[in-house]
Amino acid sequence: MKLIRTPHYQELSMKAAAIIIKTIQTNPTAVLGLATGSTPTGTYERLIKDHVENGTSYKDIRTINLDEYVGLPTEDINSYRSFMERKLFSAIDINPKNTYLPNGNAVDIQDECARYDQLIQSIGGIDLQLLGIGENGHIGFNEPGTPFTETTHVVELTHNTRKANARFFKNIKDVPTQAITMGIKNILESKAILLLASGENKAEAMARLLTSHKTTESFPASSLFQHQNVTVIADEAALSLVDDSKRSAF
Ligand code: PGA
């Protein structure tokens, strides 16, 4: 695991975008695993700026997202499909057919999970998976206690996760109670992983990730210790509780 420290969110976003752009330049048909949430939005803004100014092309890039709420109409402003359209896809030259998210409105939600696993395989696996981290250490919607062997599955969202996401909704009651998420096994099968953490609310999770070095299902991000190519980019606020003398992992 490699740590890149940045003074603030803007720099974090620039560094993350630079890694993604390099991946695209090296492999114009790369499969990018993408994430939603507040953290990657600055990165997506940088990708758009680079696309406009430097012409980096996404025409043969495929993207596959980590997760989607169950039961929200696709066109709902809070669906992850609509988030991705707004924040990235509509502003770059990607073929909409090459952008994949789980279908949270599938008639058979279990079938949809199996389909998504097959899809990841059929597009050749993920070259670079972008991740945020939850305050409780979740990655994707893999909440504490999720076996690391899980592939795409349906999750009951914890109260804390729904509370954290309620800021985007009118009322916490409107936050869906379930989501489809890639499992930790899918994430660990990616060729490279890029985890972003910004802000004081991530400081406890980052201190645990960077100093405990203990792999446990009660802290899903610790599964990343099992992967050989993980880059973490964090800003000073997210690193504010890291005791450098205990930072054995880096
Ligand atoms: P955030 O979410 O980027 O909105 O903080 C990250 C996550 O919960 O994985």
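Can you list the aspartates and glutamates whose alpha carbon is less than 13 Å from that of K163, not counting same-chain residues fewer than 8 positions off?
E135, D174
So for region 1-98, Kirkwood radius off the Cα pairs, Stokes-Einstein at 25 °C and 0.890 mPa s: how many µm² s⁻¹? It would help to have the intermediate numbers written out before the result.
On the way: Rh = 14.2 Å.
The diffusion coefficient I find is 173 µm²/s.
Any idea what the relative contact order of the chain is, in percent, if you count C-alpha pairs under 8 Å spaced at least 6 apart?
Relative CO of the chain lands at 25 percent.
Between T41 and L119, what FRET efficiency follows from the Cβ-Cβ distance if R0 is 25 Å, with the result rounded to 0.05?
Working: r = 25 Å, r/R0 = 1.00.
Rounded to the nearest 0.05, the efficiency is 0.50.
State log₁₀ I(q)/I(0) for region 136-181 at q = 0.32 Å⁻¹ as given by the Debye formula over alpha-carbon point scatterers of equal weight, solvent excluded.
-1.26
Work out how much length S218 to Q178 would gain on full extension: take 0.36 nm times their residue separation and subtract the Cα-Cα distance, in nm to one decimal.
Values: separation 40, 0.36 × 40 = 14.40 nm, distance 1.96 nm.
Extra length from S218 to Q178 when fully extended: 12.4 nm.
At 222 nm, what helix-only mean residue ellipticity would the chain give, in deg cm²/dmol to the nearest 500, using -39500 (n - 2.57) for each DSSP H run of four or more? All intermediate terms of the calculation are to be shown ahead of the outcome.
On the way: 7 runs with 76 residues, N = 250.
Result for the chain: -9000 deg cm²/dmol, rounded to the nearest 500.
Starting from a Cα-only point model with no solvent, please compute log10 I(q)/I(0) by Debye for the chain at q = 0.07, 0.13 1/Å.
-0.21, -0.78
Taking a threshold of 18 Å on the Cα-Cα distance, which of the pairs K87/K202; K2/K214; K97/K191; K2/K185; K173/K202; K214/K246 fall above it? Before the final figure, lay out the partial values.
Values: K87/K202 22 Å; K2/K214 16 Å; K97/K191 23 Å; K2/K185 20 Å; K173/K202 24 Å; K214/K246 13 Å.
In this structure, K87/K202; K97/K191; K2/K185; K173/K202 exceed 18 Å between Cα atoms.
If I model a spin label at D243 and I77 as a point 7 Å from the Cα along the Cα→Cβ vector, what separation in nanometres do I get?
It is 4.4 nm.
Report, for the chain, the % of DSSP beta bridges that are antiparallel, rounded to 5. All intermediate terms of the calculation are to be shown ahead of the outcome.
Details: 8 of 30 bridges.
The answer is about 25 percent antiparallel.
What number, in nm² with one decimal, is the all-direction average of the projected area of the convex hull of the alpha-carbon atoms of region 49-137? Intermediate values should be presented prior to the final figure.
Values: hull surface 28.5 nm².
Averaged projected hull area, Cα only: 7.1 nm².
What aspartates and glutamates does K170 reach when the alpha-carbon gap must be under 14 Å and sequence neighbours fewer than 8 apart in one chain are set aside?
D76
Each reported figure results from applying straightforward, stated rules to the coordinates on display, with no laboratory input. Because the structure is predicted, anything quoted here is derived from the model rather than measured. Cβ sites come from the backbone with ideal geometry, for glycine too, and all protein chains shown count toward neighbours.
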